Every structure is written in structure tokens, then in C-alpha cells.
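The values are calculated or read from the model by the stated rules, or taken from the named source; none is laboratory data. As the structure is a computational prediction, the values presented were derived from the model and not from experiment. In this analysis, Cβ positions are derived from the backbone assuming ideal geometry, glycine residues included, and neighbour counts consider all displayed protein chains. Just the protein is used for accessible areas: all its heavy atoms, side chains included, with ligands, DNA and RNA removed. Shrake-Rupley method; radii C 1.70, N 1.55, O 1.52, S 1.80 Å.
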Amino acid sequence: MAIGIISASDVIEFIASRSSTSSSVYVYDVAEQVGFGTLTKSWQGSIQDTAPVVSLQTRAGAGLSLVGRLSAGTSQDAARGAVLTAYTTPAGLAAMTQSLSYLPPPSAASRLIIQVPTVTSVGEAFALSPTLASLANAFTLLPENIVILLSASPQESIDLTTLSYKLTSSHVIHLFDHHSSTREVGHAFSAPLPFKEGRNSTVSEALQWSGYSFFDYAGDEHAHTVIVLLNGPLALMAKALVGRVDGLGVVVVRVLRPWDEAAFRNVVPESVKEVHVFDDVPNEATQGSLYVDVFGSLYDPSSPGVIIRAHRVTPEKTQKYISQRQVFWDAVLQLAHKVPLLPALDSSKRLLFFGTPASPLAPLPSIVKDTFARTMPTRLLTDHDVFSKPGGVSASRIVLSQSADAADQAPLCSTISLGSSDSGEADFLGILDASLLKSHSLLKHAKPGSAVLVVTPWSSAELLSNLPSDVLALISDRKLRIYTIDAKTCASDLAGGPVDQDAVQNILVYVSFLRLYLGKAATEPLVRKLVTSTTQEAFHTLDLTKITARAWVSLSEVELPANVSSAEDDAQPKTSADLKDFEFNAIAVETEDGETTVNGARLGSWHDAAKHLLFPSVFTPPLGPSAETEEYPQNPALRPEVPERTFLVTCTVNRRLTPIEYNRNVFHLEFDTTGTGLKYAIGEALGVHGWNDEREVLDFCAWYGVDPNRLVTIPVLSGDGRMHTRTTLQALQQQIDLFGRPPKSFYTDLAPYATNATDKYALQFIGSPEGSSTFKKFAEKDTVTFAEVLQRYPSAKPGIETLCEMIGDIKPRHYSIASAQSVVGDRVDLLVVTVDWLTPGGSPRYGQCTRYLADLKIGQKVTVSVRPSVMKLPPDHKQPIIMAGLGTGAAPFRAFLQYRAQLAQQGVAVGPTYYYFGARYQASEYLYGEEIEAFILDGTITKAGLAFSRDSAKKVYIQHLMLQDAQMLAGKLKNEEGVFYLCGPTWPVPDVYEALVGALVKHEGHTPETAGAFLEGLKEEERYVLEVY
């Protein structure tokens, strides 16, 4: 059994996208817009058995491509057999209905399964709804060889997904509640249903084998009134009701097609007098198909029989029923001639948190959920409202249950209502951003007598002054207990950095929640123990004792004035009428690879560039006042957009150092600087202004529809209004970072150019705070480039000059210089490793500059600049130096060694030199090994510590060799003014630091604290130098 760290929707995607179940997966844009299908795309290439994925747009004739894939004589898929999966929404399925009538007969080797997350955007606020109204007419038009399955609960949705691939003699449409239930996190999932392989299963056989049936009945066995609904959130809500009412039952339709009249009649009690059919329809004038099916099954012209009534549930009614559970229950009870029920008394606890998606406290609801999930059924659902406030609003609902009965399994969207007339259902209300109190009506969601935690820097008086008088009255009437904590200020006092501050804020608010939730049972040691058990693994570097103590004293209760009206002032809002209600209109997939996909674009014009080339004397920037006296003046035509002093050097050596069969290409470069005036000091870095790949640029120009030989005029970045002109190819190859990673602002800037509304909304969403998870996946997992963003949203095509300004320039990549100019003369050397990787989708990626450098030909010109570095030799040549380099981190130390060897040859007294080097294999990655061995033999290197971690059974790293030399290292640093350098990746820094601390403790009489303070002092003296990346 898997306990809910993922949602059922994620599991559905995983089952549907396996190559063992699907030959190909077709993801329609409308499915991605509601957060379903993007995981499947991310798994392609990263998970081995993921089926191929194809993206499709919902438009006129949607579905014909699927028909063509399965039609004999028109498709290779048909010839070799294919089980195709498609993802779409109810609205998307409605658009496909006519096309699906042309589907060929299904077979075990060739059939179509459509997974439909039931989410539809309705109304002016684009509220998301589980309504199936768009399918009211579509159900009757679908061919008979299509099975329609409907599921509601998470486990059932997973089971019916599995079942849909076992119905080998049918095409299948599976609709499941993605509006709430299957997105909830915290459910326990049983193992997939066992099915016998190698047989053709009919619907009846598969259902019987799985333990499900065409119809479910719940309620009084002798009911006189029965409600009939399609399986979904309203069906779960009805099940929760009928257990409390005599004479009432509900029939839930799990299989809509084929409709089994006999099975339906058998499930309806003989005592029934009235049957009420709830049909999702777009308007009151439309007759739903479910009523027709039920009427045809029960109508008997020979006898009066039962009364069958239709109830047309429009999207507006669906929204009201979902958001106000009691309204739905009252409507059902009225049909059963029952008086309205009082709200049920149950043992479950309801927690509600409001915040903003980009807030550092966004993870808090998940932390709270994890606390209780170990001991009781716990469910979490997070929804977003992106229209009512810039930056968006998040609502996280958590239900803690004592059991898993029907009432406890009703969808969270109905269990904790966020409707406009909410009478208060939350046992605890957390407001993680106090500014929401000024824009949204939130306190009404708190149950009478409950605790409300507001995270805010406001004082009690400031908080009260920001609340309307009727909200203050509500606090008083419901006897709400309001508490505040200034988590940001507390965290800044306790944390050591921005990342730690975010973590500390979460722990502070988490401690405050536990204290309020546990009430009188809460003690500081108990809460600290709970915090430690829940967060220790994630926040093991933080002092939880100190944080808990700070939260304990910082939590403050707000005292309401005896006369509520006395809290008002002229600036205070008078009523809550202007405050907004939360409206669920956006879904964010809350997983590492999750995303919500939408689309958009608009074509722009570009500036006239020819005049800047025709009149160069006007537009060429003048030389600086000292240029005439410089021996090597800056050429104004050489990268005029670059503020740094640049030089044009020539590649003379490009030699690979690692074996050709080795999986890492580390190479040595030499550039001739003769006649350029380039000067550099030991340890400085060379900035390489790399070019994009010419073939890729030309391919992009062809796709974008721009002539690579057309002229473009682009502002110089100095901001003084200067412009420079070049061809499109030159600009995109040499200057514009076309294949770099776009920042979030690029999506926002690109959106206005979208001519397609879907593209436009997609770009706006990704650029918004609530699109953070999508942006993070694009940036960190898919590593999409500017060019790929444009290709994903092809209607967004600004003019080429505008595009160049939006993207910006290629930034120089800086590499530690691996030579001493006093030794090598007019030459500069680099040590570089090629950077390449595969995205989760299997696309190759290359580091822009290392790819450029690796492809350099002898004689090729390269634009470079010089940047100072912290890697400097000590002023006294007699001072000991200790160098520790990993991989290409050896580069600056080669320069150090060259210079010290030169000094020794000149008879200059030089201090001891210690060299530590780490890599994986000596045979493959002993960089400059021959030179190092020569330096050892001639005494330039006093002692070398070479650590090749993969050459022995026990991995040995440079810190291990440093421990062996602990006495020497401590003495050199403590007593001989030694200087320690570390260059390379960041990961060994803590271990190297501990090795030095340990050496000072063991051999120089330090305590760990004083040793750490000593090393910090060395940093100030530039004797403990780190250049890590």
C-alpha cells in the first residue's frame, strides 16, 4: 500500500503512460491547461518505459488524428497494432465527438483509451468546475463500441484506469474527478487490480473480476425516494448524506455506456416510488441523456410504476452545490420530503490555510499534513485563485479523519467550503499573508470558538485597523481567538542566510500552529519533540530548540476591544462588502516535475536597421579620449555591446586531455595574444564571449521566418542610446543568447505578442507567481531555451529586433587562466571540461560556451576579456602555499606552479608548495600529470597528495589525504603564514573545512570553535581562499 505523498491523478498518468499499456500518448492542450499530461511529457526520456508522447491542439476536427492512427490502410500503427491513449477534458471530448464516430472497430491490438480529468472552466472568473454539461449531447452521439467509465474516489479512479486498458474488445473513455478527489494528497492506494492476461475481457467480465459493478446503491434498502447521479463529486456527497436519512437512497452510475437496463433495475429497491435524475446540462432547456436512460429502464406503460423526474443541473448549480454542501443536501432532502438536517457532528478536524503561491510559507500545509499522516487518515488539497489578486492566492484544505467512511471521503472541496455564504467550517484557520485580509473575506471560514493564526509584522492595533467593522463583529460573535507571529523578523534574527530564513519561517509558524491546535495539551518540550520528528531530516542544520523557544515567546494573542466599533478609524474599511471571495480557477501540479500547461502569441514588427549600416559615421561610437594614446586601442567594431575591454585572440592549440573513449571531454586550449595588448595576472580569469552554433541559428531563422541576411539594429547595453547594426545571423550567432535559459520575466514579456489566447494565458501563467512550479520544471528539469519557448508557443512572434532586445546578450563565461604570462609570453591557456546532459525528455543539451570552445579550429579568432580573481599568490614568495584542486579546478594552480618554478630557476627563494588534486581515475583524469610529476621531481612541489576516488575499493578524496598531513597543514597555517587555496566544485568545501579544523584542534591546541574562528580570520587576510562553483 502506498501512502499519499502523490495524488491519484499522478498515478493515473503513470499507469496510462507506460509502454506496456500504451503505444503512444496524445496529450491535448486543454488537458495540460488543467494540470494533466505535463507529468507524462516530463517522464518521456527520463523514465525508461514511458510511451512516446505527442502534443495535440483542440480544434475543429479534433480526434481525427487518432482515428487515422487506428484506421487500416492509413497508418503504420494500424498495421502493427497500437493501443493509443489520449488526454483531454470534457470540453475537449465534446469537440472530438463527431470524429470518434469514425473509429475503426476495436481489437486487442488496436484500440483507443481516453483519460478525461473532469475539470471545466466556467463563468467570467474562469472558475474550475467538475461539471459534465459540455457532454450532455455528446454522450448520445458516441458510437456503441466505446465504453464510458466514471470514477470518483482516488482508489476507484486508479482501479478504473487499470481496468480501461483491460477492456480489449472496446474503445474506452474514462472520466475521473480531477477537480478535487484525485488531486488530493494523503490517500492510501492499494496495489493495482489483478487481471488475467491473455484474454479478451468484456465490460461485465472485467467489472466482475475487479469487484466493481455498473451501478452502486447506497442508503436505505427500503427507500421510497432514489437519487440517480453520474459518478463524481456530487455522488460522493450524496453517499455521505443518505446514511443519515431514512427512506432515501442514491444510485451512482459507474458505467454509462453500454447502459445495462437489467442491472439498473436490479439495483433500484422495489419500494421506490420516486426517482430523481440529476443531469449535467449546459442550460435549463437541454434534456440530459442520463434521464433518457433511466426513464427507458424503469418506464412500464402497463402499470403506473415509479415517478421519474429530471433535474437539470447547470454549471451554475454545480458550482453552488460543490461550494455549499448544505445547499445540495437541502435540495436532495426536499425531493425526499425530508426536513433539512443540521450539520453533521463528526470527529474529523478541518484545517484551512490561505497564502500566496510564491510565499516562503507555501510548503507549510504539506508539513502540517505530514505531521498527522503518520497516525490518522489525512488529506490535503491546494487550489489557487489567480484573478482576484496580483500574485494569486492559495487555499490549502486539510482534513484529519478518525476513519475512512463515506462521510470522511467526500471531496475536500465540499468538506471545507469556500463559498460566499460560509458559516464557518474550519477548526483552525491559518492566514500566511496578512495582506490577504485587506483584499479577501477569509475570517468567515473559521468555526465558532476556533483559533486563527495570522502571520504578520502588524501589531494587534494595526491588524484590527485593517479589518472592516462587520468582520470585527464576526470575530466577536464567533468568539474567534486571533493570534499573530512576525515570522519574517524572527527568522532574520535566527537564520544565517536567505535559504535558512525561509526554512526558519516555516518552522516558526509550524510551532505556532501546533501550540494552538494542541491547546492545553501543548507544552514547549512536546511541541519541540513533534517538530523534531517531522522536520529534522529536512532541516537538520537548524537549531530547532532555539527556533521553538523563539516561536513560543513570539506568538501573541490579539485582544479585541470591548466595544468593537471603537476599533474603527477613518482609514478602516467599514464593511466586508468590498472584500473578495476565493475562487478556484487555477491548478498547479504540486510535484517536482509538475506543471500546468497553457498556450499563446502575437506577431510584432521590427525596426528599420539599414540606415545604421548606410551611415556608419553617424552611428559608430566615438573612441574614448585616451584611445589615441593607447598602444592597443579598443576596436569599436569588436563586440560594441560589451562593456568590458575585449581582445581578439587566436586559437593555436585545442588538445583533448582525457582518453577519447572516456565519457568526459577535458581539453587544453592555448590562444596567441600577440599584438592584442592582453595582459593578465596570475590567478585571473579569462572571459570567453562564445558564439551559438551556426547550423542551429540558421534552422531557427528558417522556422521563425526571418532572413538571416537581413539587417537588425540593436541598442548597445551601456544605456547611452547608442545602436549597432549587423545581420540577423551575426546577431543571433555572436551576440543574442538565443539558446540560453529564459528568466521568468521573459514569459510575461512575450505574452502580449501572442495572437492565440491559449498561448497568451499560458505565458502569463508561467510568468506569474502561481506558475512557479511550471517555470521551475522548464528551467531546472527541461532546461528549455529561449528558442524552445518560442517554439512551444508558436503564435508569439515578436519582430526580430524586439526579440533580440527581449532575450539579451550572451554573457561571457569565465575560466581560470591556466598559465603564468611571465612564463608563456604572448599566450593564455585554459583548462575546460565539456558540459552536456540529457533532459528528462531525452533531448541533448550542451553548455553554450564549452561547446563553442570544444569545436574551435586552429587559427580561429575568439573574443575574450579578463576578470580579476581571488586566486592570488601571497606577496611574500617564501610563504607556504597549499593548493587543493578538483578536476578543472587545477587550472589556476598550474599557473602558480609555473611561476614558482620560474622564480626558483632565477634563484629567488621560494617557500614550500603543497599540491592536492582529486579526480575519479588516474589513467583518465590526471590533468597535466606529466607536468605535475616534473614539478615533483624538480622540487617545485614540496609534497603532492593525489586522490583518485574510483581507483580503489574504498573511495579516497583530497580531504582524506589532508587528514594524513594534518600536523603539517596546521603548522603551516598557524605558525608560518601559510595560504590555503581550494578550487573546483562546491561539494567538498564542508569536508575540507572540517579537515582543517580537526588539524588545528589536534595539533595546535584549538577547540573546534576557536579553530573555526581562526579560519574565518584567515579569510579576512586572504589566506583561506575558495573559488568554487
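So which residues in region 154-206 are modelled with pLDDT of 90 or more, of a type in the set (Ser, Thr, Tyr) and either open to solvent by less than 10 Å² (accessible area, probe 1.4 Å) or more than 30 Å from Pro105 (Cβ to Cβ) (or both), if there are any at all? Correct list: Ser157, Thr161, Ser164, Ser180, Ser181, Thr182.
Taking each residue of region 828-853 that is in contact (Cβ under 8 Å) with a residue 60 or more places away in the chain and open to solvent by less than 20 Å² (accessible area, probe 1.4 Å) and looking for partners that are β-branched (Val, Ile, Thr) and assigned to a loop (DSSP other than H, G, I, E, B) with beta-carbon atoms closer than 6 Å, six or more apart or interchain, yields Val828/Thr673; Thr839/Thr783.
Criterion first (in contact (Cβ under 8 Å) with a residue 24 or more places away in the chain, crowded, with 22+ Cβ neighbours inside 10 Å and within 21 Å of Tyr761 (Cα to Cα)) does Val34 satisfy it?
Working: in contact (Cβ under 8 Å) with a residue 24 or more places away in the chain: yes; crowded, with 22+ Cβ neighbours inside 10 Å: yes; within 21 Å of Tyr761 (Cα to Cα): yes.
Considered against the rule, which asks whether it is in contact (Cβ under 8 Å) with a residue 24 or more places away in the chain, crowded, with 22+ Cβ neighbours inside 10 Å and within 21 Å of Tyr761 (Cα to Cα), Val34 comes out as yes.
So which residues in region 873-896 are over 41 Å from the mean Cα position of the chain (by Cα) and within 14 Å of Ile682 (Cβ to Cβ), if there are any at all?
Initial filter on region 873-896 (over 41 Å from the mean Cα position of the chain (by Cα)): 873-882, 894-896.
If the condition is that a residue be over 41 Å from the mean Cα position of the chain (by Cα) and within 14 Å of Ile682 (Cβ to Cβ), then Leu873, Pro874, Pro875, His877, Ile881, Arg894, Ala895, Phe896 are the ones that fit.
The set of residues in region 887-921 being surrounded by fewer than 21 Cβ atoms within 10 Å (Cβ to Cβ) and over 16 Å from Leu873 (Cβ atoms) consists of Gly887, Gln905, Gly907, Arg920, Tyr921.
Name every residue in region 449-485 that is touching a Phe, Trp or Tyr at 6+ places or on another chain (Cβ under 8 Å) and of a type outside the set (A, V, I, L, M, F, W, C), in order of residue number. Answer for region 449-485, where residues must be touching a Phe, Trp or Tyr at 6+ places or on another chain (Cβ under 8 Å) and of a type outside the set (A, V, I, L, M, F, W, C): Ser450, Asn466, Thr484.
If you take the residues in region 744-773 that are hydroxyl-bearing (Ser, Thr, Tyr) and in a helix (DSSP H, G or I), which one is surrounded by the fewest Cβ atoms within 10 Å (Cβ to Cβ)?
Applying the filter and picking the extreme gives Ser745.
Can you say whether Val823 is under 27 Å from the mean Cα position of the chain (by Cα), open to solvent by 30 Å² or more (accessible area, probe 1.4 Å) and not assigned by the TED database to the domain that holds Val53, as far as the supplied structure shows? The answer is no for Val823. Of all the criteria given as (1) surrounded by fewer than 19 Cβ atoms within 10 Å (Cβ to Cβ); (2) farther than 21 Å from Ala358 by Cβ, the one not satisfied by Ser441 is (1).
Counting just the residues of region 637-676 that are open to solvent by 50 Å² or more (accessible area, probe 1.4 Å) and either among the charged types (D, E, K, R) or touching a Pro at 6+ places or on another chain (Cβ under 8 Å) (or both), which one comes out modelled with the lowest pLDDT? The qualifying residue modelled with the lowest pLDDT is Glu644.
Filter region 37-56 down to residues that are more than 11 Å from Gly841 (Cβ to Cβ) and without any contact (Cβ under 8 Å) to a residue 40 or more places away in the chain and give me whichever is least open to solvent (accessible area, probe 1.4 Å). Outline the logic, then answer.
Step one: filter region 37-56 for residues more than 11 Å from Gly841 (Cβ to Cβ), giving 37-39, 48-49, 51, 54-56.
With without any contact (Cβ under 8 Å) to a residue 40 or more places away in the chain added as a condition, the list becomes 48-49, 51, 54-56.
On the way: Gln48: 187, Asp49: 66, Ala51: 0, Val54: 46, Ser55: 69, Leu56: 38 Å².
Taking the candidates together, the pick is Ala51.
Across region 677-717, what is the number of residues that are surrounded by fewer than 20 Cβ atoms within 10 Å (Cβ to Cβ), within 32 Å of the chain's Cα centre (by Cα) and polar (S, T, N, Q)? The qualifying residues number 0. In region 528-554, the residues that are over 17 Å from Asp486 (Cβ atoms) never reach a residue that is assigned to a helix (DSSP H, G or I) and at pLDDT below 75 with C-beta atoms less than 6 angstrom apart, at least six apart or across chains.
For region 471-487, a residue qualifies if it is surrounded by 18 or more Cβ atoms within 10 Å (Cβ to Cβ) and part of a helix (DSSP H, G or I), and the qualifying residues are Val471, Leu472, Leu474, Ile475, Arg478, Ala487. Of the helices (runs of 4 or more DSSP H) lying entirely inside region 356-455, those containing at least 2 residues that are under 25 Å from Gly767 (Cα atoms) and in contact (Cβ under 8 Å) with a residue 12 or more places away in the chain are 364-373, 436-439. When the test is whether a residue is part of a strand (DSSP E or B) and either within 27 Å of His179 (Cα to Cα) or at pLDDT below 80 (or both), Thr85 passes it. Within region 971-1017, how many residues turn out to be surrounded by fewer than 22 Cβ atoms within 10 Å (Cβ to Cβ) and aromatic (Phe, Trp, Tyr)? Matching residues across region 971-1017 total 3.
Taking region 127-173 as the range and being of a type outside the set (Ser, Thr, Tyr) and under 20 Å from Ala410 (Cα atoms) as the test, the residues that pass are Leu128, Pro130, Leu132, Leu149, Leu150, Ala152, Pro154, Gln155, Glu156, Ile158, Asp159, Leu160.
Give the number of residues within region 1013-1026 that are touching a residue at least 12 places away in the same chain (Cβ under 8 Å), assigned to a helix (DSSP H, G or I) and out of contact with any His (no Cβ under 9 Å at 6 or more places or on another chain).
Selection size over region 1013-1026: 2.
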